[in-house]
Every structure is written in structure tokens, then in C-alpha cells.
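As C-alpha cells, the structure follows; a few thoughts come after it.
The values are calculated or read from the model by the stated rules, or taken from the named source; none is laboratory data. It should be emphasised that the depicted structure is a prediction, and the values quoted were computed from it without experimental measurement. Here Cβ is always computed from backbone atoms with ideal geometry, including for glycine, and neighbour counts include all displayed protein chains.
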Amino acid sequence: MTKKNSCKRTRNAPLLEFENVTVIKGDRNVLKSLTVTIHEGEHIAILGPNGAGKSSFIKAVNREYYPQLHDDVVFRIRGEEVWDVFAMRSFFGIVSNDLQFAYTREVSGREVILSGFFSSIGLFNHTVTPEMEERTDEILKFLEIEHLQARPMTEMSSGEARRFLIGRALVHRPAALILDEPTNSLDLHALHTFRNLLRKIAQSGTGLILVTHNLHDIIPEITRIILMSDGRFVHDGKKKDMLTYKKIGQLFNVPVHVREEGGWYYATGY
């Protein structure tokens, strides 16, 4: 049940506000005093090495993880601190590796997209409406995967399966799409296709929050970079100011050259 929040919701409130958010799992601080504000329509990459806390940040956004409570903590979405999980679906569509693993089963691509309306893994005793079918057809066409919709997820490549999970995340027209290490296990052809798809989504007006450890995942439409290490956001700013050899070398603790080419950034020399 959704509680009434004492913080009055405003029309122009940021999509996401964290201040001093700390999350402890077991005996470890996985997030340490995170502070960040993200506005609707922004295209952002959160970049950091494995173990930096990037996936924990996503779990905090979708309320799998809750912060330690103290007086100076802010933990808001659209100006509200308490949300019904179903209401949040119109704000964030999340695609993670955990979700892809959960869909390693005999479920057709079309069913994957339709299941997004119910936040379920596949369809069970759900009532699918004509409006849901129509929205699914729109997504299949937009993502250019109509020809794959009858194929089971177990018979798809990683890249194909990921496109259907994106379709599932888009059913409620979220303000932002959050992608956790989206190019893991993709070959060059699948990577090319996937990058073009992300650019198409960004250009359609949906915000992107891309969580990655690869510079080459950062599409030209992304303008803001947040660098993350050891559970903290260590730098936050414009792409050209963040993706420098000095900052990236420090972040990954390796000597590196960073070059820009047609809006794409690459790290070499390590």
C-alpha cells in the first residue's frame, strides 16, 4: 500500500534524488553516502569497474535495497519518498543481467513483452487486453524484432533476448530506461545492432541511464557521465570532462589512452 508522503509532490520535481544514501548488505557498505540528482530526459552513463556498486545503485532505485535512515537522507522519485512499486513502472524501465537469467526459459519473445504489463516472468493467469496487444505490436515494430516474436528465449542469442527485455521495460512508456551492463556477451554484430537500438531509444525521447564498465558502450547521445568507485560517485559532469585519460586511468587503476572518434570514446594502451 502506498503511504501519503509529507513531502508534497511537484510537477517539476527531479526524476530521481539521492542525498547521503548508504546501503549496507551483510557486513559491507555497498553504497556510501551517494548524492545525485537526475532529471527527466537526461541521457547518463554510470561508469566504473566491477564491484564499484553500480548494480547496487540500480537495486536502490527500484527499491530492492533501502538506505540506512538518518536525518540527512533524501531518497525520492518525482518528489516522493514512498511509492507503490506498480506506480514506479511508469518512471523506470529496468533491464538487468539478473532479469535476463530469469528469462532463460521456454517463453516466447512476445510473451516476454506482454509480461511487462504484469511485472511477471512470463504469462500465467493474466488477462491480456487488446490495448496491451496493440502496445506490444508497436514495440515489436519499433525494436525491429517482429520476425522473432514467436521464438522461445532459450533459442535466441544474447543480443536478441536483450532486445525483448528492453521491449518488456518499455511497455509503460517509462521516463527513463536503466540498463545494467547491457553489452555483456555480445559479439561485434550484436554490439553494432544494440548500439543503434539505444540511439534510437534516446532519440525517441526516453531517457537513458546506462550502467557499464566499458567506454565503448557510451553512445553519442549520452552527455553526462558519473564515475563510480568503491560504492561512491567520485566524479559527475559533462562527457568530455569525465572521459579523460587521467580520470579513467585513476578510476580503473591502469595507464590508459582515451580517444574520441565521431562521438564515441575508446580506451587503449592498457
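Key figures for this structure:
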| item | result |
| --- | --- |
| Residue match in the range 80-101 (condition: surrounded by 14 or more Cβ atoms within 10 Å (Cβ to Cβ), hydrophobic (A, V, I, L, M, F, W, C) and over 28 Å from I38 (Cβ atoms)) | no |
| Matching residues, the range 28-44, being assigned to a strand (DSSP E or B) and either among the charged types (D, E, K, R) or closer than 13 Å to Y66 by Cα (or both) | R28, N29, V30, L31, K32, S33, L34 |
| Output for the range 47-71, where each listed residue is over 14 Å from F92 (Cβ atoms) and of a type in the set (A, V, I, L, M) | L47, A52, L69 |
| Which listed residue is buried (at least 19 other Cβ atoms within 10 Å of the Cβ) and among the acidic types (D, E), from E111, E131, E155 | E111 |
| Residue among T104, T154 that is in contact (Cβ under 8 Å) with a residue 40 or more places away in the chain and not in a helix (DSSP H, G or I) | T104 |
| Candidate set: the range 232-267, residues that are hydroxyl-bearing (S, T, Y) and in contact (Cβ under 8 Å) with a residue 40 or more places away in the chain; chosen: the one farthest from A45 (Cα to Cα) | Y266 |
| Output for the range 227-270, where each listed residue is more than 30 Å from K25 (Cα to Cα), of a type in the set (A, V, I, L, M) and out of contact with any His (no Cβ under 8 Å at 6 or more places or on another chain) | L243, V256, V258 |
| Meets criteria (under 24 Å from the mean Cα position of the chain (by Cα) and hydroxyl-bearing (S, T, Y)) for T244 | yes |
| Any hit, the range 196-206, residues being at pLDDT 95 or above, out of contact with any Pro (no Cβ under 7 Å at 6 or more places or on another chain) and closer than 18 Å to G53 by Cβ | no |
| Test: residue in the range 170-189 that is touching a Pro at 6+ places or on another chain (Cβ under 9 Å) and either in contact (Cβ under 8 Å) with a residue 40 or more places away in the chain or farther than 27 Å from V23 by Cβ (or both) | no |
| Checklist (1) touching a helix residue (DSSP H, G or I) at 6+ places or on another chain (Cβ under 6 Å); (2) closer than 30 Å to V112 by Cβ applied to V256, failing item | (2) |
| Qualifying residue in the range 206-222 (condition: more than 24 Å from I77 (Cβ to Cβ) and free of Cβ contacts under 8 Å to residues at least 24 places away in the same chain) | no |
| Filter result (in contact with a Gly (Cβ under 6 Å, 6 or more places away or on another chain), closer than 12 Å to E111 by Cα and part of a helix (DSSP H, G or I)) within the range 121-151 | L148 |
